[in-house]
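The values are calculated or read from the model by the stated rules, or taken from the named source; none is laboratory data. What you are looking at is a predicted structure, and each value in this text was computed from that prediction instead of being measured. Note that each Cβ is placed from the backbone with ideal geometry, even for glycine, and that neighbours are counted across all protein chains shown. For accessibility, only protein heavy atoms count, side chains too; no ligands or nucleic acids. Shrake-Rupley method; radii C 1.70, N 1.55, O 1.52, S 1.80 Å.
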Amino acid sequence: MRIIFTLIALFLTANFTRLNAQSNQKTAAVFQIDQPDYEQSPYTGMTKQHWRDAALYILEGAFSYINSYEDPMKFPKLPGKSYPHNEDQVPTEKLEGLCRTLFVAAPLLKENPSLQVNGIDVAKYYRLQILNLLNPSKASYIPPRTQDQGPTQILVEFGALAISLFVAPEAIWEPLSQEQKDALAHTMLSYGNGPTVPSNWRFFNIFVMSFFKDQGYPINEELLTEYLNLSLDQYRADGWYNDAPAYDYYSMWAFQLYGILWSEFYGQKYLPEIAAKFTSNFTDMVDNYPYLFSENGEMIMYGRSISYRFASISPLPFFGTLENEDINYGWMRRISSGVLMQFLSNPEFLEDEVPTLGFYGHFEPAVQNYSCRGSVYWMGKAFLGLLIPDNNPFWTAIENNDPWKTDFKKDTVYNKFQEKSNLLITDYPNIGASEIRAWCHEKVADDWQKFRSSENYNKLSYNSAFPWQADGQNGEVSMNYAIKNKKNEWEVFRLYDFKKFEDGIYYRDAVLETDETVTMQLADIPLPNGILRIDLNTTNKPLEMRLGHYALPKSEQEIKYSRKRIDSHDILIMDNGTYQLAMVILSSWDNLEFIETTGLHPVSKESSVLNAVAQYAPKADSIFATLMLWKASGDSWSKEDLVPVKNLKLKNGNVIVKMKNGNTKTCKFSVSPNRSF
């Protein structure tokens, strides 16, 4: 018996030591800011040198797989829908790893062409790997495009490679022999001079053609000008391009970044009028895009390709090219460094020393099928900001948190509406969060890639404090309506038609994809501590329906649940130790529920969400009024916080909302007059 206990003790000790070593290894892997400078950067401590350190940290993880110059940038595949699924996709996978990690390496090579990582001469490695793309005897060989071949992922990666050739030609391009340069030009231009996808993809052709034109090679100049003008045609206003058909981070890490880079590298020299247009569009971002980030410098989990993460801040350093005294460069850097550290400081960010396909850790519901493990290095675009000179105000200005500290007042909500894109950015000073409402109108039946109709876009809103939770098959829904459809399955809204933004109210109509008779008119009213929803159900048949709040991940402590009843209104509150969420029924809903979920949240395996539930029966003026509220954990709730609405009335076709603070909001729906709740 003593031997058994001794063996158990030894096993437990060894297991504890192993787990402790793994924990220490994970902690050691998290990026650390060496000697932070809180005089220059009082919020993050990060300077330009720390950005260099961060880029090297990312690059070292990639090069941990490189032991010889012939090793490709190929990383462990994560389970799920990401490619490769067969050997035919492996060359493209390697190409992505090569060209995208070069985004991280190129600005470092610009400053230090002799850079070595893991005992490998970085510039020599990339040159040899690029030449391997041209060698039919190599496994990574990429043949020139055939005359009848359409646009492929190869075009995307060659566009990225062309950008890096512009960035660091001394390290990557110039050492090649003339014969090697000609061969590379032949292969890359076979794609660049060819067809493309009518989206941000046009820029990949643009950069390939522009780089080789700058090097003296003949290109299809008529096609280059056509693609440039078509890209400009996708601009709407206020810094937002339409990426056929969405408005998301692609407006920024693609159109805006590419536009200003192209202008700096090529356009100002050869096509100054077109470059001036891209620069003007870039300038328009100043007044709205920075407000999409939280007070702490956090990006919102929103849209496809979220695994690109801090690529979202890639255009911000290039405000430094504008030399505009009205730009708050200290705030731009505070946002940018904050977003970098949002991920670099998270222990789930890396797995196998490579960023996961997710927001923090791997999160399969957010993954797109066009991604492979190396796709994540698209985030390396952020480090192109290192091209901005050391003495530029982006780097020299004192980091600050305006307007959060100077312009925004507590207990107030701030909306920025973009007229042409119908996009609403909302800032909440009480918890320092930002929020977005934007386009979504895609049927699952038409969405062959299965991302534009998904949770990446179909939520009613997206908030920096509450990363979106995937919807469950049993009706577990967050920040959306779920309807029991004809197949007896829970189906969420994804077909929204924007109507107007008026008097602080964002109006949309929603239709259920599988049943066009299921319709609602939606009105979102952002409040200082949350959202007031006044939604009119215009469906003419019975429905089982749910409405979900944002979700909370389980943190170190258990989620606490509580119930209240104020002014005859049912209220549920949950608290995960960081935030509290509250949901309040004002009219029509039957009940509120706490729903515990597993495997649906990007931050934690376990999470909880608040749902309102109803067995809807058609009747005149079916107004579903709901409060979705939040506070920081530990903050107390007053009665006015939880029920700020005094009453709702239907009058002359409008829903009149009287608030306890004396304010009135009027929601304009097609309803019967003179009905009161």
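In the set (1) crowded, with 20+ Cβ neighbours inside 10 Å; (2) under 20 Å from Asp497 (Cα atoms); (3) among the acidic types (Asp, Glu), the condition left unmet by Asp509 is number (1).
Residue-wise test of (1) out of contact with any strand residue (DSSP E or B) (no Cβ under 7 Å at 6 or more places or on another chain); (2) surrounded by 24 or more Cβ atoms within 10 Å (Cβ to Cβ); (3) of a type outside the set (Ser, Thr, Tyr); (4) within 29 Å of Thr101 (Cβ to Cβ).
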site: Phe255; (1), (2), (3), (4): no, yes, yes, yes
site: Tyr291; (1), (2), (3), (4): no, no, no, no
site: Glu298; (1), (2), (3), (4): yes, no, yes, yes
site: Tyr308; (1), (2), (3), (4): yes, yes, no, yes
site: Phe319; (1), (2), (3), (4): yes, yes, yes, yes
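Among the residues making up region 443-480, those that are touching a Leu at 6+ places or on another chain (Cβ under 8 Å) and either open to solvent by 10 Å² or more (accessible area, probe 1.4 Å) or of a type in the set (Val, Ile, Thr) (or both) are Lys443, Asp471, Gly472, Glu476, Val477. The set of residues from region 164-189 being open to solvent by 20 Å² or more (accessible area, probe 1.4 Å), small (Gly, Ala, Ser) and assigned to a helix (DSSP H, G or I) comprises just one member, Ala183. The single residue among Pro389, Pro393 that is under 23 Å from Asn112 (Cβ atoms) and open to solvent by 20 Å² or more (accessible area, probe 1.4 Å) turns out to be Pro389. Here Arg533 clears all of (1) open to solvent by less than 10 Å² (accessible area, probe 1.4 Å); (2) over 18 Å from Ile436 (Cα atoms); (3) basic (Lys, Arg) except the condition numbered (2).
Filtering Leu133, Leu108, Leu102, Leu115 for residues that are touching an Asp or Glu at 6+ places or on another chain (Cβ under 9 Å) and either open to solvent by less than 20 Å² (accessible area, probe 1.4 Å) or of a type in the set (A, V, I, L, M) (or both) leaves a single hit, Leu115. For region 592-633, a tally of residues being modelled with pLDDT under 95, open to solvent by 40 Å² or more (accessible area, probe 1.4 Å) and on the phi > 0 side of the Ramachandran plot returns 0.
The single condition among (1) open to solvent by less than 40 Å² (accessible area, probe 1.4 Å); (2) under 22 Å from Asp182 (Cα atoms); (3) in a loop (DSSP other than H, G, I, E, B); (4) touching a Ser or Thr at 6+ places or on another chain (Cβ under 7 Å) that Ser82 does not satisfy is (2).
Scanning region 274-324 for residues that are within 23 Å of Ser210 (Cβ to Cβ) and not in a helix (DSSP H, G or I) gives Ser314, Pro315, Leu322.
Here Glu399 clears all of (1) over 22 Å from Val104 (Cβ atoms); (2) surrounded by fewer than 24 Cβ atoms within 10 Å (Cβ to Cβ) except the condition numbered (2).
Scanning region 423-442 for residues that are closer than 20 Å to Thr578 by Cβ and open to solvent by 20 Å² or more (accessible area, probe 1.4 Å) yields a total of 2. Among the residues of region 265-288, the ones that are within 29 Å of the chain's Cα centre (by Cα) and among the acidic types (Asp, Glu) come to 2 in all.
Scanning region 198-224 for residues that are open to solvent by 50 Å² or more (accessible area, probe 1.4 Å) and not in a helix (DSSP H, G or I) returns Pro198, Trp201, Gln215, Gly216, Pro218, Asn220.
The set of residues in region 402-413 that are open to solvent by 60 Å² or more (accessible area, probe 1.4 Å), more than 16 Å from Leu629 (Cα to Cα) and either touching a residue at least 40 places away in the same chain (Cβ under 8 Å) or among the polar types (S, T, N, Q) (or both) contains only Thr406. Tell me, yes or no, whether region 637-644 has at least one residue that is loosely packed, with under 14 Cβ neighbours inside 10 Å, in a strand (DSSP E or B) and not hydroxyl-bearing (Ser, Thr, Tyr). Checked region 637-644: no residue is loosely packed, with under 14 Cβ neighbours inside 10 Å, in a strand (DSSP E or B) and not hydroxyl-bearing (Ser, Thr, Tyr). Within region 335-386, if we keep just the residues that are assigned to a loop (DSSP other than H, G, I, E, B) and under 23 Å from Gly45 (Cα atoms), the residue that is least open to solvent (accessible area, probe 1.4 Å) turns out to be Phe349. For region 652-671, taking the residues that are in contact with a Gly (Cβ under 9 Å, 6 or more places away or on another chain) and of a type in the set (D, E, K, R), the one that is most open to solvent (accessible area, probe 1.4 Å) is identified as Lys668.
Against the criterion of being more than 26 Å from Val413 (Cβ to Cβ), within 28 Å of the chain's Cα centre (by Cα) and not aromatic (Phe, Trp, Tyr), Gly577 does not qualify.
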